[in-house]
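Here is the structure we will look at, set down as structure tokens.
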Amino acid sequence: MKHLANRLTLLLILLPIIVFSQNKNYKMKWGKVSKEDLAMTSYDPAPTAAAVVLGETGHIDFIFSGEDPTIYFNTHVRIKILSEAGLDWAKINLDFYSKGDFENIVNIAGQTIAPDGTVSKLPKKEIIKVKRNEFWSEVKFTLPNVKVGSVIEYKYKKEIRSVHLPPFWYFQSSIPKRWSKLEMERPDFLHYSILKEYTTGLKEEEILKSRTYEFIGFKQYINGRVVEIEKYNRYATVHYESYIMDNIPSFDTDNLVSYPKDHYSKLYFQLNATEFQDNQLIPVFDSWKDHTIERYEDSRLGKQITNKRNFNKIVEAIMPQMSSAKTDEDKIKIIANFISSEVEWNGYYSIYSRKSLNASFQEGTSNSSEMNLMGIALLNHFGIKSHPVLVSTKGHGKVITAYPISNQFNHIIIQIAAEELILLDFSKKSLPLGTIRPEAINGKGLAIHEGGAYNWIDVTSPITSETSIMNFSLDEKGKLSGKLQIILDNYKAMYFRQEYENKGNDKEYAINFISNEFSQVKINYLEAKDLNNKSAKFINGIELEIPNFAKESKDIISVPVFLNNSWDWIGKSIEKEKRNYPLTLPYPFKDKIIFNMKIPSGYTIEKMPENSKFSLPDNSASFSYRSSVKENNIQVIISLSLKKYNFPEKEYADFKHFFKLVLDKTQKLITLKKL
């Protein structure tokens with residue numbers, strides 16, 4: 001059976017591992033909770049924690065007596081609930097890949113132990129299996145009678161019909177863990193690499209024992225070929241390996257972490273080779289070239305765009321519209337609009353088509369792969385050379401380029417063959433042309449070409465801009481009145497078009513652009529231009545009044561320049577002294593504010609913030625503040641540009657310093673004095 005693979009990390013350490021001694025017994029017996037843990041009211045290393053994992057174990061074993069080599073993965077977790085906020089940890093969701101019965105979860109048990117030792121067992125009828133889609137299912141249950149002070153524990157076995165990639169083991173989570181332990185019983189005829197991330201302080205131990213495995217005969221798919229394993233018994237040396245971390249802090253995430261699990265302390269294994277019989281060492285990995293050839297020969301991917309029988313009906317349907325196209329740009333626009341108007345996304349990401357593109361088109365609903373494969377097929381048919389780029393969305397984790405594993409990817413975007421990088425995505429109706437889903441801006445993408453050629457590209461997007469032009473008057477009471485014009489493009493245009501459509505011509509929509517620090521805002525007029533042209537700039541015009549915009553004190557008026565705190569969401573993520581993982585924005589952007597204000601009669605300007613300009617060393621982030629005065633009119637022009645979306649942890653100190661300067665500058669006030 002073809003293996004499913006998962007994301008890999010950059011750190012590769014081959015087995016056998018170095019042996020370390022253990023001085024502590026990291027074991028739990030079901031239902032045996034110490035009096036100290038039952039009486040615990042807080043966790044000393046993290047006194048404010050809502051809950052703490054008292055201990056958890058995972059045990060990986062290999063079985064060869066079935067139709068497929070199988071991993072048995074037994075897990076036992078015990079958690080102490082320390083506050084009301086921790087009660088949600090009693091709600092358990094366990095995912096598994098159920099397509100073709102590849103994975104299953106069995107032997108589920110759970111119980112709650114009250115501080116007085118009373119035990120409430122999880123009823124079997126409360127354990128529910130739900131099929132989420134054609135690929136994934138989940139087990140759901142809630143531990144009974146859970147209150148603050150309770151200890152909960154649950155255990156289960158996951159059966160995986162492949163030995164290629166044992167489950168990931170995450171030592172870290174969003175709550176602290178007292179200790180976490182993974183054990184593996186590895187026969188010497190399976191050769192794995194162990195891959196680690198953020199595992200400083202990891203304890204490792206290895207014990208060698210003997211064991212006989214029964215093989216009943218099965219087939220292995222390795223590097224695209226079938227290897228038949230005959231029925232026999234196999235004596236093997238078994239490596240009993242354990243990996244332990246203790247006193248593990250919670251992962252402190254923020255809104256500039258795209259996928260926290262990418263940065264958890266974790267380890268996982270990748271099968272390198274097997275020696276099932278005759279001591280024949282069979283490598284598992286192929287090359288990226290072989291991987292690309294296989295994808296192009298796959299009937300669910302490459303054949304969909306190279307075999308015209310899979311998309312000829314779509315060509316017939318679009319042909320009348322293509323007659324008006326005079327340029328390649330016209331063709332791209334027509335194809336993009338055609339797909340987004342004729343086909344609805346079904347909510348699923350994939351790199352494979354479920355059926356022929358013709359059938360998906362006629363059905364009217366498609367996964368993300370099918371919609372973009374339709375686009376590639378049509379672009380190539382009408383003379384615009386393009387090819388697929390395999391990517392991973394932010395919720396799926398980052399792609400690691402070290403190994404040719406297809407399961408790292410869950411989405412396809414389109415690359416136009418040109419000197420400059422042009423990426424397209426037809427799988428989201430509201431996307432401006434020339435952009436891709438923001439969730440697909442996530443590191444590297446694999447561009448694949450017919451014949452086995454491939455290359456890695458940086459998956460990014462054009463800079464998204466917002467320009468705010470303000471023409472206001474201020475009276476002696478501090479009331480601001482006038483017109484605000486906001487010009488948006490790319491992702492900001494998409495988001496605010498959606499917001500405008502949801503609220504209609506509603507003045508509440510305009511409040512999006514004004515800080516809630518200002519009360520009693522009055523919207524006199526609102527207009528929106530180019531609402532339906534998703535590739536055009538989205539222009540908003542707002543006439544407004546803000547009482548008490550400026551602060552009046554005796555003969556002094558203090559005037560802010562910002563109507564909203566549009567950059568505070570970044571400021572909240574740079575409060576830490578150090579950062580051990582990248583700072584990730586949704587996309588690159590550039591904001592510009594042009595603030596024009598007429599001062600009230602009888603007042604003069606006492607103080608203006610100084611002009612300034614600064615940037616990061618590589619110019620990936622820059623800021624400027626310029627002010628000028630002409631008669632009784634003030635103009636302030638502020639620009640912030642973040643040209644990349646990902647700032648590695650080694651750049652955090654510079655970024656933090658840069659952005660603190662930005663925030664400090666934007667909080668400066670203009671001071672007016674009465675004559």
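The values are calculated or read from the model by the stated rules, or taken from the named source; none is laboratory data. A quick note: this is a predicted structure, and the numbers were derived from the prediction, not measured. Neighbour counts run over all protein chains shown; Cβ positions are idealised from the backbone, glycine included. Accessible surface is based on the protein model in full, side chains and every heavy atom, while ligands, DNA and RNA are left aside. Shrake-Rupley method; radii C 1.70, N 1.55, O 1.52, S 1.80 Å.
Worth a mention:
- Virtual paramagnetic centre 7 Å along Cα→Cβ of Lys650, amide N under 14 Å, in the range 617-633: 618
- Straight-line cross-link partners of Lys576 among the lysines, defined as a Cα under 16 Å from its Cα and at least 8 positions apart when in the same chain: Lys650, Lys656, Lys660.
- Estimated FRET transfer efficiency (Lys576, Glu508; beta-carbon r; R0 30 Å; 0.05): 0.30
- Gain on full stretching of the segment that runs from Glu206 to Lys554 - 0.36 nm per residue minus C-alpha separation: 117.5 nm
- Arg211 accessible area, 1.4 Å probe, all protein chains in place, Å² to nearest 10: 60 Å²
- Zone residues, the range 462-503, relative to Lys522, backbone N less than 17 Å from point 7 Å out along Cα-to-Cβ: 472-484
- Projecting label points 7 angstrom from Cα along Cα→Cβ for Thr365 and Ala317 puts them 1.5 nm apart.
- Amide N of the range 61-89 lying under 18 Å from the label point, which is placed 7 angstrom from the Cα of Ser120 along Cα→Cβ: 78-89
- Taking a ≥ b ≥ c as the square roots of the eigenvalues of the Cα gyration tensor, the range 626-675 is prolate, since a/c reaches 1.5 or more and a/b is larger than b/c.
- Packing-based ranking, highest mean first, of 260-268, 442-450 given that Cβ atoms within 10 Å are counted: 442-450, 260-268
- Two-decimal log10 I(q)/I(0) for the chain, as the Debye equation yields it once each C-alpha is a single scatterer, q = 0.05, 0.10, 0.12 Å⁻¹: -0.32, -1.13, -1.36
- Charged-residue dipole, Cβ positions (Lys, Arg, Asp, Glu), the chain about Cα centre, Debye nearest 20: 800 debye
- Semi-axes of the equivalent ellipsoid of the range 62-158 are 29, 15, 10 Å, computed as sqrt(5λ) over the eigenvalues of the C-alpha gyration tensor in descending order.
- In this structure, the residue pairs whose Cα-Cα separation is over 20 Å, taken from Lys131/Lys429; Lys537/Lys572; Lys572/Lys665; Lys483/Lys674; Lys32/Lys155; Lys607/Lys665, are Lys131/Lys429; Lys537/Lys572; Lys483/Lys674.
- Highest-first packing order for the peptide set 619-625, 235-241 is 619-625, 235-241, based on the mean count of other beta carbon atoms within 10 Å.
- Unsatisfied cross-links (Cα-Cα over 27 Å) in the set Lys80/Lys140; Lys313/Lys444; Lys27/Lys125: Lys313/Lys444; Lys27/Lys125
- Straight-distance crosslink candidates among aspartates and glutamates, where the alpha carbon sits under 17 Å from Lys289 and sequence neighbours closer than 8 are dropped: Glu297, Asp298, Glu450
- Listed cross-link partners Lys492/Lys630; Lys592/Lys613; Lys385/Lys529; Lys99/Lys209; Lys385/Lys643; Lys261/Lys578 are compared with a 25 Å cut-off, the Cα-Cα value being larger for Lys492/Lys630; Lys385/Lys529; Lys99/Lys209; Lys385/Lys643.
- Helical runs (DSSP H, four residues minimum) scored at -39500 (n - 2.57) apiece and divided by the length of the chain put the mean residue ellipticity at 222 nm at -4500 deg cm²/dmol.
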